[in-house]
Amino acid sequence: MILSIDDINGSSPYKVEYAENKAFVIFKTDYDVHYLVGFEYDDSSFDFATYQLVIINSNNKKSPRDPKVKDTITSIVEAFFSENENVLLYICETGDAKQAMRSRLFQYWFSSYINKELFTFISASIKDEDGIINHAALIMKSDNPSMPTILAEFSRTINLLNRVSSL
């Protein structure tokens with residue numbers, strides 16, 4: 001999905017550019033942390049159009065609490081929703097056991113977002129078969145006409161995944 005860089009940069013504190021393959025956008029912070037942000041179509045999770053929000057610290061540099069990162073990612077997400085009605089899933093990466101911290105940070109970002117009433121944000125935790133707790137969030141426009149169906153399916157899926165992992 002190609003987003004409007006002009007729209008993003010109109011409200012983003014960091015300059016955002018297309019990554020080489022244009023599937024992602026990239027920005028560099030004042031602390032020389034490089035982020036790739038993109039949206040990958042997810043055709044396996046639900047019966048409605050879903051994209052996974054992907055945020056990658058591409059140079060693996062430690063990032064201090066930088067409010068400009070939140071504001072830049074918010075601008076990117078706003079550009080995503082200005083172009084479609086799809087649902088976003090944010091699944092916290094688990095490889096370094098920092099998924100709970102990422103989930104809390106993402107929830108904080110949303111709770112402090114100035115236009116949060118425009119969106120519905122639902123978070124969930126799922127324990128996998130190895131006992132690892134995975135954190136996910138669903139984000140959609142609050143005026144999405146399919147919201148009741150989407151929320152019901154998301155809830156059923158989370159409940160099913162938690163039941164399967166406890167067997």
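The values are calculated or read from the model by the stated rules, or taken from the named source; none is laboratory data. If you're wondering where the values come from, they're calculated on a predicted model, not measured in any experiment. Neighbour counts run over all protein chains shown; Cβ positions are idealised from the backbone, glycine included. Side chains are part of the model used for accessible areas, which takes the heavy atoms of the whole protein and leaves out ligands, DNA and RNA. Shrake-Rupley method; radii C 1.70, N 1.55, O 1.52, S 1.80 Å.
Key figures
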{"item": "Criterion violated by Ser58 - all others in (1) under 12 Å from Phe24 (Cα atoms); (2) hydroxyl-bearing (Ser, Thr, Tyr); (3) open to solvent by 70 Å² or more (accessible area, probe 1.4 Å) satisfied", "result": "(3)"}
{"item": "The range 117-141: number of residues that are within 14 Å of the chain's Cα centre (by Cα) and open to solvent by 50 Å² or more (accessible area, probe 1.4 Å)", "result": "2"}
{"item": "Hits in the range 1-41 (condition: open to solvent by less than 90 Å² (accessible area, probe 1.4 Å), aromatic (Phe, Trp, Tyr) and either assigned to a loop (DSSP other than H, G, I, E, B) or at positive phi (or both))", "result": "Tyr14"}
{"item": "Scope the range 86-100; condition open to solvent by 20 Å² or more (accessible area, probe 1.4 Å), part of a loop (DSSP other than H, G, I, E, B) and modelled with pLDDT under 85; matching residues", "result": "Glu93, Thr94, Gly95, Asp96, Ala97, Lys98"}
{"item": "Every pair of residues 6+ apart whose Cβ atoms lie under 6 Å, when the first sits in the range 42-69 and is outside any loop (DSSP other than H, G, I, E, B) while the second is open to solvent by 70 Å² or more (accessible area, probe 1.4 Å)", "result": "Tyr51/Tyr41; Gln52/Glu40; Val54/Glu40"}
{"item": "Set Ser103, Ser166, Ser155, Ser111: member being touching a strand residue (DSSP E or B) at 6+ places or on another chain (Cβ under 9 Å), more than 23 Å from Phe80 (Cα to Cα) and modelled with pLDDT under 85", "result": "Ser166"}
{"item": "Matching option when the condition is of a type outside the set (A, V, I, L, M), open to solvent by less than 90 Å² (accessible area, probe 1.4 Å) and assigned to a helix (DSSP H, G or I), among Asn159, Asn144", "result": "Asn159"}
{"item": "Enumeration of residues in the range 32-63 that are closer than 18 Å to Ser12 by Cα and out of contact with any strand residue (DSSP E or B) (no Cβ under 9 Å at 6 or more places or on another chain)", "result": "Asp32"}
{"item": "Failed criterion for Ser111 (all others in (1) of a type in the set (Gly, Ala, Ser); (2) surrounded by 15 or more Cβ atoms within 10 Å (Cβ to Cβ); (3) within 17 Å of Met140 (Cβ to Cβ) hold)", "result": "(2)"}
